[in-house]
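Visitor: Please read through the structure below; I'll follow up with questions.
Just so it is clear, none of the values below were taken in a lab; they were calculated from the coordinates. Quick caveat: nothing in here was measured; it's all calculated off a predicted structure. Reconstructed Cβ throughout: ideal geometry from the backbone, glycine too, with neighbour counts over all protein chains shown.
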Amino acid sequence: MMTIPQTFQSFLSSLELTTKQRKEANEQHIRLRIELQKRMKVEDNFLSGSYARKTAIRPLGDIDVFVVFERRPGFDPTIPIPTILGEVKRVLDQAFPSKSALSQNRSVNIEFSGTGIAYDVVPAFSSRPGVYMVPDRETGRWVKTNPKIHAELATQANERAGKKLKPLLKAVKHANVHHRKLARSFHLEVLSWKILTRDPGPYLDGLVALLQGLAQRIDEPCIDPANLGPDIRPEPDRCRAAKEWLGRMAKLAAEAKVLDDAKQATAAHAKLRQIFGDQWR
């Protein structure tokens, strides 16, 4: 039987995207961005979300492509949000006629066959240098943000934690998926930046600290880390469910640490398997 540290290394490796997945994703998002630039007036475009922040896990979900459009008559933030999203969908349908683009709350989703990788095209306009506006169909408003700042903050936090924060965050994200996504992924990520502020030592120690910190903070106010947008907490009911779940996961992780310290590896593995499922082995 492998030790807990050995299993942690193997488990974390299993969450990483494969070389093939990265190659396919890079080829597809470059093609997607080129096609958009051919057909629309684009000021800037870049990857955002967990893929850009290097916190995406396998299996790979949607990749965010952030597209900053030039303002022009009939296509600017004064136009109804469904119209903006509809125009992006029309262009994607034109560029990729064999696929079907789908308008969402803040983006237009398109999936590539073969790889099964989907892309969320997020339309944006520049408000001022360093500030972008993205649509929110549910509220009918444009929300200020800057995903480049989010990526910088994620990297800085990972460095402070001895480059162990992102691996541990991926582990928590996997647990979140395994337990029906009770927490919002980006919310977990932003909270984590202020929880692990130094190298936590062994990964199991870091997992205990991260889960305990998340359970304590998940229902507290959490402003947009770029100080531009609204509080990123989900609705109260989801926060309560996430808090209860994180509390249970933190308890299991703490019990696993006690067992491992007592040289009871089999029992410690069983506790961690309750957190991560069969992928922990």
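Visitor: Treat the count of other C-beta atoms within 10 Å as a stand-in for reagent exposure and order Asp231, Asp120 from fewest to most. Before the final figure, lay out the partial values.
Guide: Values: Asp231 11, Asp120 19.
Sorted ascending by nearby Cβ count, the order is Asp231, Asp120.
Visitor: Right, something else. Whole number please: convex hull volume per residue, Cα atoms of segment 212-281, in Å³.
Guide: Each residue corresponds to 109 Å³ of Cα convex hull volume.
Visitor: Now for a different question. Mind putting a number on the dipole of the chain about its Cα centre? Charges go on the C-beta only, +1 for Lys and Arg and -1 for Asp and Glu, and I need it in Debye to the nearest 20.
Guide: 300 debye
Visitor: Whole-Hz Karplus ³J(HN,Hα) for segment 37-53, in order, using 6.51 cos²θ - 1.76 cosθ + 1.60 and θ = phi - 60°, x for Gly and Pro?
Guide: 5, 5, 9, 9, 7, 10, 7, 7, 7, 7, 7, 9, x, 5, 5, 5, 7
Visitor: Next question. For segment 23-77, what is the charge dipole size about the Cα centre, in debye to the nearest 20, if Lys and Arg each add +1 at the Cβ and Asp and Glu each add -1 at the Cβ?
Guide: Numbers: 11 positive and 9 negative charges, 21 e Å.
Approximately 100 debye in magnitude.
Visitor: Something else: So what J values fall out for segment 84-89 if you push phi through Karplus, 6.51 cos²θ - 1.76 cosθ + 1.60 with θ = phi - 60°, rounded to Hz, Gly and Pro as x?
Guide: Computed from phi, the couplings for segment 84-89 are 4, 4, x, 5, 5, 4 Hz.
Visitor: Return a whole-number percent for the relative contact order of the chain, with Cα pairs under 8 Å and 6 or more residues apart as the contact set.
Guide: On the way: 415 pairs, mean separation 46.4, N = 281.
Taking the mean separation of contacting Cα pairs over the length of the chain, I get 16 percent.
Visitor: Could you tell me which residue out of Leu12, Asn26, Trp142 lies farthest along the dipole of the chain toward its positive end? Charges go on the beta carbon: Lys and Arg +1, Asp and Glu -1, centred on the Cα centre.
Guide: Value: Leu12.
Visitor: I've got another one for you. Against the longest principal axis of the chain, how steep is helix 4-15, in degrees 0 to 90 to the nearest 10, with axes from Cα atoms?
Guide: Its long axis makes an angle of about 20 degrees.
Visitor: So, one more: Here are some values of Cα extents along the principal axes in Å: [x] 57, 39, 35; [y] 69, 40, 32; [z] 56, 50, 29. Which one was computed from this structure?
Guide: [y]
Visitor: Using helices alone, what [θ] at 222 nm do you get for the chain, with -39,500 (n - 2.57) per DSSP H run of 4 or more residues, divided over all residues and rounded to the nearest 500?
Guide: One gets -16500 deg cm²/dmol as the mean residue ellipticity at 222 nm.
Visitor: Taking the Cα centre as origin and putting +1 on Lys and Arg beta-carbons and -1 on Asp and Glu beta-carbons, what dipole magnitude results for segment 150-279, to the nearest 20 debye?
Guide: 280 debye
Visitor: Here's something else I'd like to know. Quote to one decimal, in nm, the extra length available between Gln264 and Ile232 on full extension: 0.36 nm per residue of separation minus the C-alpha distance between them.
Guide: 7.5 nm
Visitor: What are the residues whose amide H is under 5 Å from the amide H of Arg141, where those residues sit 5 or more places off or on another chain and H is modelled from the backbone?
Guide: Asp136
Visitor: Provide the descending list of Cα extents for segment 19-145 along its principal axes, expressed in whole angstroms.
Guide: Each principal axis gives a Cα extent; for segment 19-145 these are 42, 31, 26 Å.
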